Amino acid sequence: MPLKIKVLAMAIIPLIFVTATITYVNLKQARELAATQIQTFEENLLASKRSELQNYMDLAMTSLSPVLSATWMHELEAQQEVLRILRGLTFGDNGYFFVYDAQGVNLMHPTLPELEGKALYNLRDVAGDYVIRDLLSVAKEGGYHRYMWHKPTDGGAVDKLAFVVTLPRWGWMIGTGLYVDDIAADVTKAREEVTHNIHSAFFSVILVAALSIVIIVTVGVAFNLHESRIASRRIRQLAHKSVQFQVNQRRHFARELHDGINQLMVSAKFRMELAMRKLGQAANPAHQEIDKALEILNLAIQEVRRVSHDLRPSLLDDMGLASALNSLLLEYRERTGWVIKTNMQLPDERLPEDIEITLYRTIQEALHNAEKHAEATAVNLRIWEKEGDIYTCVADNGCGFITPVAEECGIGLLNMTDRIELLSGELTIKSEQGSGTTILVRLPLEQYLGREHDRRVVS
């Protein structure tokens, strides 16, 4: 894994871990706090219901007080009057009073009169609890009890909170109740709101964490790109200096060969010819040896000139790229009989030395390959400038070949590729068997010249 990615991961992973930990702790605390608040909310609602039932029972007992304190009424008459008064006491849509005796027989039920007179001591609700038995047990001390019971307005069994007391005079249980399904609905609603708020807070934290990660990654990538651009620019500068150094060294070696060693060899040749003339025409064994030495010396002079030209074409230094290429193309035309077309659009100012020598060597290698391998009869050379780049296209009508992968390229193609990549350029080879070969080179020019150039057409 690259070092930059490791550094970026070291910045992101702790952030994710800390964010996850804080989010988990906050969510846990929020859920615990919400549960406590909902429980408190429910208890407050129940306390309000209990207080309300207590008030209803006090009002009922106040209403019964004259009957219970009347000594002139017959016992049965007093009981009937109590039942009558309680039957008429209602509140709200579902509020009423009910009466049972000590054995669990229903004495009065305003909403379910069919229960009156029935023994319901062992009656169970939908949850399986003994309703009347538990109510009688609670009524001894006067208290509250929750159970499931028929709701008049809905017709179904819902949660109900009852308050019951014992009427000591006859041992009756008098009770009333409130249906608390609305409390369950309110608690459910409150729980849903709290859950929604927790989820919103959670997603907000996730969103903030995601944005933070995106910002970190963006800044990291931007920084890396900036550093990469700087590094690439420095590498290009270094490559440019390296190529420039090679160009200067080749020029120096070429001049040393041409002006130094070559001149010495030419001088030696002249002296040997002078010696031949001084020896005269008389037969002399030395003539044959000197002739052989002159032949070898001529070959050596030609070889030095060829090596000097290969190192650095003198015409490229003296006259520029266009003249050097025209001379090169003329040489190939005379030697091969090719039909050569050229269209060279070059800037008015000379190109940098490393670009000139790279283009020259690339075209030279392309022509060499076309002569040696392609069996071509025509070559088209085109050079043009576009949007800060210099393009070169060499196309022949030879036999073509299957474009090799990088590992299979010959020395010539590898040298072309290396030269061009050193200058941050691109090399594209298009070829098919029987369809010729096209070599396209793009080299960045703007970074060297720094401005637009007028073009001249050399054809």
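The values are calculated or read from the model by the stated rules, or taken from the named source; none is laboratory data. Here the structure is a predicted model, which is why all the values come from computation and not from measurement. Cβ coordinates were reconstructed from backbone atoms using ideal geometry, including for glycine residues, and neighbour counts include every protein chain displayed. These accessible areas exclude ligands, DNA and RNA; they are computed on the full protein's heavy atoms, side chains included. Shrake-Rupley method; radii C 1.70, N 1.55, O 1.52, S 1.80 Å.
With all protein chains present, how much of the accessible area of the chain (probe radius 1.4 Å) comes from carbon and sulfur, to the nearest whole percent? Using a 1.4 Å probe with all protein chains present, the chain comes out at 57 percent carbon and sulfur. Computed with a 1.4 Å probe on the full set of protein chains, the accessible area for Glu75 sits at about 80 Å². Modelled spin labels at Ala300 and Asp101, positioned 7 Å past Cα toward Cβ, are 15.0 nm from each other.
Seen against the Cα atoms of the chain and their longest principal axis, helix 181-255 is set at about 10 degrees.
Residues in the chain average 59 Å² of solvent-accessible surface per residue, probe 1.4 Å, ligands and nucleic acids excluded.
Per-peptide packing, taken as the mean over residues of other Cβ atoms within 10 Å, places 342-349, 202-209 in the sequence 342-349, 202-209 from highest down. Label separation (Thr153 vs Ser65): 3.1 nm, computed from points 7 Å beyond Cα along the C-beta direction. A Förster radius of 22 Å, combined with the Cβ-Cβ distance separating Thr342 from Cys399, puts the computed FRET efficiency at roughly 0.45. Summary of packing: across the peptides 35-46, 79-90, the per-residue average of other C-beta atoms within 10 Å ranks them, highest first, as 79-90, 35-46.
Based on Cα contacts under 8 Å between residues 6+ apart, the range 152-240 shows a relative contact order of 16 percent. A quarter of the convex hull surface defined by the alpha-carbon atoms of the range 1-86 gives 9.3 nm² as the mean projection. Using just its DSSP H runs of length 4 or more, each adding -39500 (n - 2.57), the chain gives a mean residue ellipticity at 222 nm of -20500 deg cm²/dmol after division by all residues. Taking 23 Å as the limit for the C-alpha separation, the pairs Lys292/Lys372; Lys49/Lys151; Lys140/Lys160; Lys372/Lys430; Lys49/Lys118 exceed it in the case of Lys292/Lys372; Lys49/Lys118. Across all directions, the shadow cast by the convex hull of the chain built on its C-alpha atoms averages 44.6 square nanometres. Contact order, relative form, for the chain: 10 percent (alpha carbon pairs under 8 Å, 6 or more residues apart, mean separation divided by residue count).
Within straight-line reach of Lys189, meaning a Cα separation under 13 Å, sit the following aspartates and glutamates at least 8 residues removed in sequence or on another chain: Glu42, Asp181. Extending 7 Å from Cα along the Cβ direction at Glu334 and again at Asn197 yields two label points whose distance is 9.7 nm. Relative protection proxy for 104-116, 18-30, from highest mean packing down: 104-116, 18-30 (other beta-carbon atoms within 10 angstrom).
Relative to the longest principal axis of the Cα atoms of the chain, the long axis of helix 3-69 makes an angle of roughly 10 degrees.
Once both axes come from the Cα atoms, what is the angle between helix 353-369 and the longest principal axis of the chain, in degrees from 0 to 90, rounded to 10? Approximately 80 degrees, to the nearest 10. Relative contact order for the range 1-145 using alpha-carbon pairs under 8 Å, separation at least 6, rounded to a whole percent? Relative contact order, the range 1-145: 9 percent. With all pairs of different C-alpha atoms in the average, the Kirkwood value for the hydrodynamic radius of the range 314-447 is 15.1 Å.
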